[in-house]
1. Take the alpha carbon atoms of segment 694-748, find their center, do the same for segment 526-551, and report the distance between the two centers in whole angstrom.
2. Please list 3J(HN,Hα) in residue order for segment 634-644, calculated via the Karplus relation 6.51 cos²θ - 1.76 cosθ + 1.60 where θ = phi - 60°; whole Hz, with x for glycine and proline.
3. Quick query: amide H of Tyr508 versus all other amide H atoms, modeled in the peptide plane; which residues come in under 5 Å with a sequence gap of 5 or more or a different chain?
4. Hey, what do the phi angles of segment 371-377 turn into as Karplus ³J(HN,Hα) couplings, whole Hz, using 6.51/-1.76/1.60 and θ = phi - 60°, x for Gly and Pro?
5. What is the spin-label model distance, in nm, from Thr560 to Ala124 if the labels are put 7 Å beyond Cα along the C-beta direction?
6. Can you give me the long-range amide H partners of Val719? Hydrogens built in the peptide plane at 1.01 Å from N, cutoff under 5 Å, separation of 5 or more residues or another chain.
7. Amide H to amide H under 5 Å from Ser657: which residues, 5+ apart in sequence or cross-chain, H placed 1.01 Å off N in plane?
8. Work from the charge dipole of segment 402-563 (Cβ charges, +1 for Lys and Arg, -1 for Asp and Glu, about the Cα centre) and give the residue of Leu441, Pro506, Ile466 farthest towards its positive end.
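Each value in this text was obtained by applying a stated rule to the coordinates, not by laboratory testing. Just so it is clear, the structure is predicted and the values come from calculations on it, not from any experiment. Neighbour counts run over all protein chains shown; Cβ positions are idealised from the backbone, glycine included.
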Amino acid sequence: MDQQKKTTSGALQAPLTAPSNNPTAAAQALLHNPGAAQALANNPGAAAAAQAFLGNRGATYQPLLNNTHVGQQHMGVPGASISKPSTGEALMKGHTGSHALIRSDRGSMLSLSDDNVMMKQILATHAPDGREFDVRPLLNLVEDILNRATQHVDFLVKGTTQDQIEMEEKALQANHIVMLEALTYTIDRIASELSYKALGGSDAHATTTAIFNLLSSYTWDAKLVLSLSAFALNYGEFWLLAQIYSTNQLAKSMAILRQLPSLLEHTAPLKPRFDALNNLIRAMIDLTKCVVQFTQLPSTYISQDVPVLETAINLFPTAVYWTIRSMVACATQISNLSSMGHEFGISTTESWELSTLAHKLRNIYELLKQQLNLCYQYIEEKTDVAFYQLLLTLFDPNALHIDNMKVLKALIYDKDDKLPLLDGATKRQVSLDVLRRKNVLLLISSLEFANDELAILEQIYNESRIHATRLESQYEVVWIPIVDHSIIPLPEEMQTKFENLQSTMPWYSVQDPLVIKKPVIRFIKEVWHFRTKPILVVLDPQGKVVSPNAIHMMWIWGSTAFPFTSLREEALWREETWRLDLLVDGIDPTVLNWIKEEKYIFLYGGDDVEWVRRFANSARSVASASRIPLEIVYVGKSRKREHVKKVVGIINAEKLSYAWQDPTMVWFFWTRLESMLFSKIQLGRADDQDPMMQQIKKLLSYGREGGWAVLSRGSNIVVNGHSTTVLPTLGGYDEWKVNIAELGFDMAFKEYHDKLHDVAHPCCRFQFPTIIRTPENMRCPECHRVMERYTSFICCHDDQGIPGSLF
């Protein structure tokens, strides 16, 4: 066809010499320079084509067209009436809402009714025939093509290094190849539609609708992936030539036909165009992947009538329409670049349109992503409930298991893709198989694990390993840390605290605290009653719970309590008596030697320095007057660690008595004493009327208020008294010393003390923090009445108070 004579030079040269039946070329002249109206007026065909091209872009460019019409009137040139709508305009007459929706993101909005008309037209094409196939392998392949293509764009424009991303091997599996063969015809038809309509300058909405008609029998996700596949076929071929044309003669010849060498030599002016293409393509990929993710949601836990999913599904037609519409826009840009050369890239108008489409897709993507996250939350809640029920079934007392693997996998990690445990001895990751058919002690705690507790546990554990063949060493410990799953990933501070704790443990531990699922944590809290204090749940070789918390047994008897069952706990209590060995066993060898030597021993405590001074001096004076071998041991108080340290310092300076220097010894004494009470509570025997339990409760109560002292001769405890009775007894030595010859020192002391006790009757108090299970009621160890329940608030002004103290 004849070309018009050149009327200008430079940037407008190519557009003005373009064929008159190329509306894009004609319109570009007008877009680049409104003064070109006169040139277009000399060519009525070009002017009409420009009318059609720009008319499809809405009112934004109408002033330019009006200027062209004025030019024609001024020159008196006859031609086709510009006001007569083109074919594209006729198609878009009722569907200009699609353009308005683009412009709405920039501040211009068309009526909602026009948008509804457009979407009704799209929905009318949707008639799925029930065919379903997994689009993910095809999407993986398409994503690989587009990623490499857009990376190549970045390389050409920005000079960046391309990252080589290996395509997933599953996309090349035989069954996927068969699937591709079945879809090739459809993909080719869409690719042809995109190429043909882009070259012909067809209306974007009409092209999009035509593609919808081709895909009427497919589901929404399949429409997206098949369309994206067709686009990737064209776009990938374009950039494949760009990538290899300089080294491959065949590619070079083909590239010349597409004007690629000229195009690639002028990458700088094209940078806005390439950037806009890149952004839009990535938005298309993201939105497509998001829609596909909805199709992968497990129908077992979420159905299409669930509101969060129903809302998303209602957005699918809009998402698919604008994604395919964006493919059409991208195809048009590539066609323009190929057919018109680098000069076409000077305009920023087309880049603006691509950016606007990308903005729209991002908005739709954010909406769908939000719904997808809500769907995941819904599914997580459903799966958590199901998993919790599974745990209840697995740990049912009547459930039978061959070994402990099923319950351990449910509790810790149920997949085989990684090693979930860290061996504390070798610091290597290991599988759960190391625990198969063994007695397993689950050490459950928060990250607030006191050094004292850890040190004593480690000592007990290491002692049991010295004689590995003994029965009491046939168990394994696994640390299960409980962390807040609402904070993911863990803050650096928490991660560091976890790693520091883990590094000190000689036993097994969970490699990552986040592998412990939320329903497992719920089970541990609701069924095993974990609060914040460490508990030690014991599983036998078949995974059955034989003790809901053996931590008390471990503190009291150490590995002697193996196999740490409730039956073993009751048996050990039947063997115990109220003796000094029970109170100080495993804490201080010096005191144990005094017990063997049958010495008189005063064990005393409290935080009142004046009372400590008076008691120690009085006790030594009485022992000297009575000429008995008396040892005095200060064991501090269950709390106020820093204050206890000061008292110990005064005792040492004034040489008042023997005192435990290590705060861990003080902590362990009171922890063992508390564990004795809680062991009885756990066994339902807290109110047993046996003398031993009454004495334990008395000592714990005395330790809460003021000072106290326990007098023993060897292992036999004679008196367990409060400060209000013990010190007066020592002060009244002159009154009861006459009975020493007949009764002995110990019984004479007891007789006088008991008389004072019957008069004084100090109050008994037990305070249970909310972090532990508390008994419904408790009887007083003095009068055996049911004690009154109070709520109290306590502050000891001690930031380094003994962690985990119960009283």
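1. Measuring centre to centre over Cα atoms gives 39 Å.
2. Couplings: 8, 10, x, 9, 6, 9, 6, 4, 5, 5, 4 Hz.
3. Result for Tyr508 returns Gly424, Val477, Trp479.
4. Listing the rounded values in order: 5, 5, 5, 5, 5, 4, 5 Hz.
5. 9.0 nm
6. HN-HN under 5 Å from Val719: Leu711.
7. It is none; the list stays empty.
8. So the residue we want is Leu441.
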